[in-house]
Structure formats: C-alpha cells, structure tokens
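> Have a look at this one.
The values are calculated or read from the model by the stated rules, or taken from the named source; none is laboratory data. Keep in mind that this is a model prediction, so the values were computed, not measured. Note: ideal-geometry Cβ built from the backbone for every residue, glycine included; neighbour counts use all protein chains shown. What goes into the accessible areas is simple: the full protein's heavy atoms, side chains included, and nothing from ligands, DNA or RNA. Shrake-Rupley method; radii C 1.70, N 1.55, O 1.52, S 1.80 Å.
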Amino acid sequence: MMGTMVQIESAWPKYPDYEINLRHDGVVARAWYGDLLLAESKAAVRLEETKHADRLYFPVEDVRWEHFTPSENFTVCPFKGAATYWSLTAVDPVERDIVWTYSTPFDEVGGIKDHVAFYDDRVRIELEDTWPGEDPTAVTKTRFPAWGDASDLLRLIDVEPAGDGHFVGPAYRDTTRNVVEGGQMLAQGIVAASKTLPRQHVTQASMYFPRAAAFDAPLDLTVDVLREGRTFSTVEVRIDQDDKLRSVGLFLMDAGAPDVIDGSIRMPDVAGPADSEPYDMKVTGRDLRIVNGDYRPDPDHIGPPELHAWIRFRDAPSEPYLHAALMAQPTTHWTIAAAMLPHPGFGEAQAHVSLSTGIMAVTMAFHDDVDVTQWLLYSNPAIHAGRGLCQGEGHVFTEDGRLVASYTVQAMIRDFVQGPEALGRDASTAM
C-alpha cells in the first residue's frame, strides 16, 4: 500500500530553521467523498508547515483502501521526501491522485511515516470532538482545515514575561484572516495584568484599538502599574507591534471582599445549548451554539438586533485568570452582526469586503469566578447603530442563570472610502 521509494536530497541541512510541526489534537477525523467514507481515525496527525496550509495525515490502517488504486504519479518535497499517490476509483469519474503518502519521510518528519493525506478541497474532512459526560449534545464537528485548537488560542492569550513590565504574545501561523481580534488583545491584557499583580484579580477592563494588529508577528505588551493598593490597583497595558501602538487599556484590580449585598439581572429566556444551532468557527476544543442560528453571513436573514451564543471549552486552563481571559475573548464577536440583523441586505459576508468593520473599544466587568468548561451564555443586544458606528452591551451567564460578567462594545460599520484593493489589501487584512 505504501508506494515506491524514491531517493531525494533533504533540504534540512541547508535550512535548519524551517518549521514543520506534527500535532495530535485528540479528535476523531473522517474523510468523505460525498456520502462515501474514505477514512476514519482517532490518531490522525495535523502537519503544520511554514507558509503552507495545514494537512491532516491518517494512519494507513484507518483508510478504506478498497476504494483506491495506486497511481504512477509521484512528487518530491525537499523537507518531507518523495510522495506517491492513489486515485479514488470507487466513483465515476475517477478522482485521480487524491491521496498521497511519504513512504520514507526524512527523520525531521518521521511521524508521518505510514500515514496518508487527502486534498481537502476535493475531499470533505471533518473533525469530531467528543465531550466528557453523558450529554447527548456532547459532540461537535469542525471542517478541516481548522484555524486551530482551543489550546492554540490559549497559547496566544497566555502571554509570556519578557523582562520587568514586559510580556510577549506569540505570532500565529494561520493568516487566512490576518487581523488579531480585539477580544484576543483584551484577553492578553487580562493575563498580563494578572501576572503583574498576582494577589489581585481583574475586576474591570477597558481597552481601545486604534490600529489593527496582525497574526504573523509577535505582540509586545508593556504593563505600567499606575497605582498599587492593598485593595484596589490600577494598571495600564499597552500593546505594540512593529513599534506601533495597536491597543491600550486600563485594568482595575481587586483583592476581593465578602458580599455586603448581592443581586443581578435575570438571564434572558432563550433556548438552551441543546436546542441551539452548532456553529463552526474553525476551532476544535471549543463548542459554540447560536440561539436561532442568527449568526450567519446571509444578508437576507433578518431579526431583532441581538445575538445569543452558548460557549464552552473542552479543557480547563490551569489558572483562574486564564478562565477569565478565555471568557473575555469572544465578547467582540457579536455586536457588528447583531447590529446588522434588522437590516435587509446587510450581513457578515460583507465585512472587510464591501463594508469597513472593526471593533474600536470594549469595556468588561467581571462579577464572579467562572469555569469555561461549563456552558456560558453570551447575551448581546446591539442598542444603537448610526453615524458609522454601533454599540453593543452584553452579559455572560452560567447555564443555571448566574451573571458572571457584563460588557459594552463600540464598533465601526462604514463604507470603504477606497476599496481594500486600492490600499494594497484584501478581505484577509482589511478592517
């Protein structure tokens, strides 16, 4: 089954800094051609390669070889070796050279030996997460290639110390949409402030986004403790990239105190996660459900200016501030789409294409501890739209109705003065 060995010269000695990483995401992977199942595996390997799309490699024993016939075609890769191919002959017309393998890969990528990969533009590849417990809804499906796993999101958010008062957020390999979300920078600011003053927690954060940041370069965070007190402290976090300001925020830190009085608003009466529509945002390890399926690109889908989204994560992070940061990250997803909902002819598909959209500011208050492995409801009405702006206010509830956070978002919705092409951009980089 493994094809003919072809000897080629490795490029690794000449380019030792070239990066190929192999990842096991712990999901069930399936490859389909229409309704025909081609492969199914719990041990597929995700290959991440510099400036290349991710590929998913299935163990050879998990492929249904009766559907395939060996091909005479072969190609060479200076970083992986010689690839041989198979054609899918169980369909008419035949799909030629649709799957390949590296029979004798170079040592640097030895983990793909005895594995095969499919062209994901010709084969539908799905990733299925199985969630703990007996919940019948505890399965989520993501179309491959995915943006990444929730662990990748956590790695971006969990900024690393880089000297006194400085932290670094890493670059990310997927630049399909090469603009860092405001929610990610808010989450990074929460982590930086929490690591700077570990005896206190963030109780409120206000962040502004004067200039877009990109995924393909690191983010530099500078933390300035404006005032440190026994009970409350005030921290400024500045985020730069390429020596230009991208975001700045103020964080109110609190040492905590027992309740004197307590009370909060009620959770809205909306469908629960089991009755809401799964939404594939291309992140494995995170389960996202949209009430009424209202978050969609269709400009003809209209409704009230509000979105309700249920979210949970498969794995629990190690620190309470990471739970808070992961909860904060999605807050900037909803306001623009909610503002467009009542207006026929406007939808998310126009964002960054015919409409200039972006998050300008967010303020978030944290009311209680949170566990992101449990369902959280983001209830987000857009309370105003006009003058090229829209305003959203949101609340985050646990499934049993406890209010754990609230937030406001100001966003931009404007016509392009010049189209993205005139600015040397496209939908992947335009605001």
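> Quick check: convex hull of the Cα atoms in the range 260-341, volume per residue, rounded to a whole Å³?
Cα convex hull per residue, to the nearest whole number: 138 Å³.
> Let me ask something else about it. Run the 1.4 Å probe and let me know the accessible area of TYR15, rounded to the nearest 10 Å².
My reading of the accessible area for TYR15 is about 120 Å².
> Still on this structure: For the chain, what is one quarter of the convex hull surface built on the Cα atoms, given in nm²?
24.4 nm²
> Distance in nm between label sites at ARG122 and ALA171, each 7 Å beyond Cα in the beta-carbon direction?
3.2 nm
> Would you mind counting up the charge near LEU197? Only other residues with Cβ under 13 Å from its Cβ, with Lys and Arg at +1 and Asp and Glu at -1.
0
> So, in nm, how far is label ASP164 from label ASP300 when the simple model puts each one 7 Å beyond its Cα toward the Cβ?
6.4 nm
> Further question: For the range 258-297, list residues with backbone N below 17 Å from a point placed 7 Å from the Cα of ARG402 toward its Cβ?
258-268
> Still on this structure: Give the accessible area for ARG122 in Å² (nearest 10); use a 1.4 Å probe, count only protein heavy atoms, and leave out ligands, DNA and RNA.
80 Å²
> Just to verify a number: FRET efficiency for SER354 and GLU72, C-beta to C-beta distance, R0 = 41 Å, to 0.05?
Plugging the Cβ-Cβ distance into 1/(1 + (r/R0)^6) gives 0.30.
> I would also like to ask the following. Student exercise: in the chain, how many lysine pairs 8 or more apart or on different chains have Cα atoms under 16 Å apart?
Count of close lysine pairs: 5.
> Once neighbouring chains are kept in place and the probe is 1.4 Å, which whole percent of the accessible area of the chain is contributed by carbon and sulfur?
50 percent
> To the nearest 10 Å², what's HIS367's accessible area with a 1.4 Å probe?
90 Å²
> Would you calculate, for the chain, the mean residue ellipticity at 222 nm contributed by helices, counting each DSSP H stretch of 4 or more residues as -39,500 (n - 2.57) and dividing by all residues, to the nearest 500?
That calculation yields -2500 deg cm²/dmol at 222 nm.
> Still on this structure, I have one more. Taking 25 °C and 0.890 mPa s as the conditions, I'd like the Stokes-Einstein D for the range 124-179 in µm²/s, using the Kirkwood hydrodynamic radius from alpha carbon pairs.
Rounded, D is 174 µm²/s.
> If you don't mind, there's one more thing I want to ask. Residues with amide H under 5 Å of HIS343's amide H, sequence separation 5 or more or different chain, H placed in the peptide plane at 1.01 Å from N; which?
Here GLY303 satisfy the definition.
> Round to a whole angstrom and tell me the spacing of the C-alpha centers of the range 380-418 and the range 353-370.
Going from one Cα centre to the other spans 7 Å.
> So for ASP259, ASP280, what's the accessible-area order with a 1.4 Å probe, most first?
Result of the area sort, largest leading: ASP259, ASP280.
> Of LYS195, LYS141, LYS51, which has the most accessible area and how do the rest follow, probe 1.4 Å?
Result, largest first: LYS51, LYS141, LYS195.
> Given an 8 Å cut-off on Cα distances and at least 6 residues of separation, report the relative contact order of the chain as a percent.
Answer for the chain is 11 percent.
> State the percent of C-alpha pairs, over all pairs in the range 124-251, separated by a distance greater than 22 angstrom.
The calculated P(r) of the range 124-251 puts 44 percent of pairs beyond 22 Å.
> Write down the accessible area per residue of the range 215-266 in Å², having rolled a 1.4 Å probe over the full set of protein chains.
Result: 65 Å² of accessible area for each residue.
> Separate question: Between ALA257 and LYS113, what is the spin-label point distance in nm, taking each point 7 Å from the Cα along the Cα→C-beta axis?
Between ALA257 and LYS113, the label points sit 6.5 nm apart.
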